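The values are calculated or read from the model by the stated rules, or taken from the named source; none is laboratory data. Bear in mind the structure is a predicted one, so any value in this text is a computation, not a measurement. So basically every Cβ, Gly included, is an ideal-geometry build from the backbone, and we count neighbours across all protein chains shown.
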Amino acid sequence: MTDDHRFRKPPKDVVPAAPLTREQILHLNQTIGTAVNVSEPGEILTDTDGVPIGVGPTVTSSATLGSWTVTQADLDAAGLTADDVPRLTIIDREGH
């Protein structure tokens, strides 16, 4: 007997993410290829007993946003077409 049945649906307390809005999708399209700041939180510092007592410094660096993937359903829901967002990667329901 396997426990595969536990992984078919997410738990009832997991709330699905809200769909991207038209404005968010257009903004993502505009930011592809631009420099963005990326912040990595610092390491958690612990005492000798392993109890957290602080956080190390955050490291911020610059990176170029190279790609973003949206589904055709995302575009349809926002009333957009592939021509409206030429910098985004668009996949259909089959993942192509």
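Has the stretch 7-19 got any residue that is out of contact with any Leu (no Cβ under 8 Å at 6 or more places or on another chain) and either touching a residue at least 60 places away in the same chain (Cβ under 8 Å) or of a type in the set (Phe, Trp, Tyr) (or both)? Quick ask: steps written out before the conclusion?
First pass over the stretch 7-19, keeping only residues out of contact with any Leu (no Cβ under 8 Å at 6 or more places or on another chain): 7-19.
Next, from what is left, pick out any that are either touching a residue at least 60 places away in the same chain (Cβ under 8 Å) or of a type in the set (Phe, Trp, Tyr) (or both): 7.
There is at least one residue in the stretch 7-19 that is out of contact with any Leu (no Cβ under 8 Å at 6 or more places or on another chain) and either touching a residue at least 60 places away in the same chain (Cβ under 8 Å) or of a type in the set (Phe, Trp, Tyr) (or both).
If I go through the stretch 53-78 residue by residue, how many of them are out of contact with any Lys or Arg (no Cβ under 6 Å at 6 or more places or on another chain) and either farther than 19 Å from residue 91 by Cα or assigned to a helix (DSSP H, G or I) (or both)?
In the first step, residues of the stretch 53-78 are kept if they are out of contact with any Lys or Arg (no Cβ under 6 Å at 6 or more places or on another chain); the result is 53-77.
Imposing the further condition that a residue be either farther than 19 Å from residue 91 by Cα or assigned to a helix (DSSP H, G or I) (or both) reduces the set to 53-64, 72-77.
Of the residues in that region, 18 qualify.
Could you go through the stretch 23-37 and let me know if any residue there is in contact with a Pro (Cβ under 6 Å, 6 or more places away or on another chain) and of a type outside the set (Val, Ile, Thr).
no
Applying the selection to the stretch 19-40, what residues are assigned to a loop (DSSP other than H, G, I, E, B) and loosely packed, with under 10 Cβ neighbours inside 10 Å? Outline the logic, then answer.
Step one: of the stretch 19-40, the residues assigned to a loop (DSSP other than H, G, I, E, B) are 19-21, 32-34.
The answer is 34, and nothing else.
Of the numbered conditions (1) among the basic types (Lys, Arg); (2) surrounded by 10 or more Cβ atoms within 10 Å (Cβ to Cβ); (3) at pLDDT below 90, residue 12 fails exactly one; give the number of that condition.
Just one mismatch for residue 12, condition (2).
Considering only the stretch 41-52, how many residues are surrounded by 10 or more Cβ atoms within 10 Å (Cβ to Cβ), of a type outside the set (Ser, Thr, Tyr) and part of a strand (DSSP E or B)?
So the answer is 2.
Which of the residues that make up the stretch 79-88 are assigned to a helix (DSSP H, G or I) and either in contact (Cβ under 8 Å) with a residue 24 or more places away in the chain or touching a Gly at 6+ places or on another chain (Cβ under 8 Å) (or both)?
Step one: filter the stretch 79-88 for residues assigned to a helix (DSSP H, G or I), giving 82-84.
Of everything in the stretch 79-88, just one residue is assigned to a helix (DSSP H, G or I) and either in contact (Cβ under 8 Å) with a residue 24 or more places away in the chain or touching a Gly at 6+ places or on another chain (Cβ under 8 Å) (or both), namely 84.
Can you pull out the residues in the stretch 63-96 that are among the acidic types (Asp, Glu), more than 26 Å from residue 34 (Cβ to Cβ) and under 19 Å from the mean Cα position of the chain (by Cα)?
Passing the criteria: only 92.
Among all residue pairs at least 6 apart or on different chains, which show Cβ distances below 8 Å where the first residue, located in the stretch 50-62, is under 28 Å from residue 33 (Cα atoms) and the second is hydrophobic (A, V, I, L, M, F, W, C)?
Listed by first residue and then by second, the contacts come to 60/38; 61/38; 62/35; 62/36; 62/38.
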